[in-house]
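The values are calculated or read from the model by the stated rules, or taken from the named source; none is laboratory data. Only a predicted model underlies this, so the values are computations on that prediction, with no experimental measurement involved. Note: ideal-geometry Cβ built from the backbone for every residue, glycine included; neighbour counts use all protein chains shown. Heads up: the accessible areas ignore ligands, DNA and RNA and are worked out on the full protein's heavy atoms, side chains in. Shrake-Rupley method; radii C 1.70, N 1.55, O 1.52, S 1.80 Å.
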Amino acid sequence: AGFKEASKKLVRCVKKLVSTYSITKERAFALLECYRDLITRHGRLPVDLANLMHRERWLHTSFGFRSPKEAILFGSEWESIALVSRLPFVDDSDTQYGLGKEIYCYSNGLMALGAKAQLEQGAAFVISGLHIPTDPSAVTPEAFISLLKCIRIWKKNGSALPKSFMSAINKKWVKTTAGYSHPN
């Protein structure tokens with residue numbers, strides 16, 4: 001009963017912190033340490049705590065607080081695609097809510113909680129966050145290829161590309177032998 005009661009108290013405390021945007025770097029790391037410890041010792045989390053860590057917006061990203069499943073762990077694979085899409089990267093800065101580079105020590109836990117680390121997992125973020133720069137020369141060949149990969153991943157699921165994506169992509173930004181053209 002003690003373990004269950006402690007878990008419920010922790011959930012109430014974290015929910016209060018989440019609702020007041022009081023999840024500091026130290027508190028986020030304490031939560032991740034708690035997660036790591038419980039998984040190591042018990043192989044699982046209490047249901048309430050698991051739900052909280054999966055669903056609540058306690059992880060600071062470039063878009064503010066998000067749940068892990070709404071976040072991306074930055075890696076080299078994301079570097080080029082970030083030129084053409086606004087993406088919710090876990091905040092690894094040293095700003096007020098930033099988690100610093102230490103956050104990557106918790107990558108496995110964050111991925112288990114739903115954070116995306118690979119392009120294959122986060123292609124939907126790219127499609128929904130597409131933002132072609134006003135200067136088309138800023139789009140590198142690597143960014144273009146990464147975008148094509150994301151489109152392929154999206155279409156593999158049998159879904160049509162969203163209208164917002166089609167609207168955002170319909171600009172003169174694809175470099176051709178005759179200058180910049182619309183993709184179509």
Exercise for review: Express the accessible area of the chain per residue in Å², computed with a 1.4 Å probe while the remaining protein chains stay in the model.
Suggested key: 58
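Estimate the FRET efficiency between Gln118 and Cys13 by the formula 1/(1 + (r/R0)^6), using the beta-carbon distance for r and 35 Å for R0, to the nearest 0.05.
The value I calculate is 0.60.
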Review point. Label Asp94 and His182 with points 7 Å out from Cα along Cα→Cβ: what is the distance between them in nm?
Key: 4.8
Check your understanding: In nm, to one decimal, how far is the Glu102 label point from the Lys163 one, both placed 7 Å along Cα→Cβ?
Key -> 4.7
Review point. How far apart, in nm, are the 7 Å Cα→Cβ label points at Thr134 and His42?
Key: 5.3
Revision key, fill the gap. One quarter of the C-alpha convex hull surface, i.e. the mean projected area of the chain in nm², amounts to 12.3
**Study point:** Farthest toward positive dipole pole in the range 8-104 [+1 Lys/Arg, -1 Asp/Glu at C-beta], among Ser19, Tyr97, Thr40
**Key:** Ser19
**Study point:** For the range 1-36 versus the range 65-100, the gap between their alpha-carbon centres in whole angstrom
**Key:** 22
**Study point:** Surface share of carbon and sulfur [accessible, 1.4 angstrom probe, percent] for the chain
**Key:** 54
Check your understanding: Where the only charges are on Cβ atoms (+1 Lys, Arg; -1 Asp, Glu), what is the dipole of the chain about its Cα centre, to the nearest 20 debye?
Key -> 700
**Study point:** Length-normalised contact order for the chain - Cα pairs under 8 Å, 6+ apart - percent
**Key:** 17
Point to revise | Dipole in debye (nearest 20) - the range 144-184, about Cα centre, beta carbon charges: Lys, Arg +1; Asp, Glu -1 | key: 60
Check your understanding: Lys15: which lysines have alpha carbons under 20 Å from its alpha carbon, excluding same-chain residues fewer than 8 sequence positions away?
Key -> Lys4, Lys25, Lys69
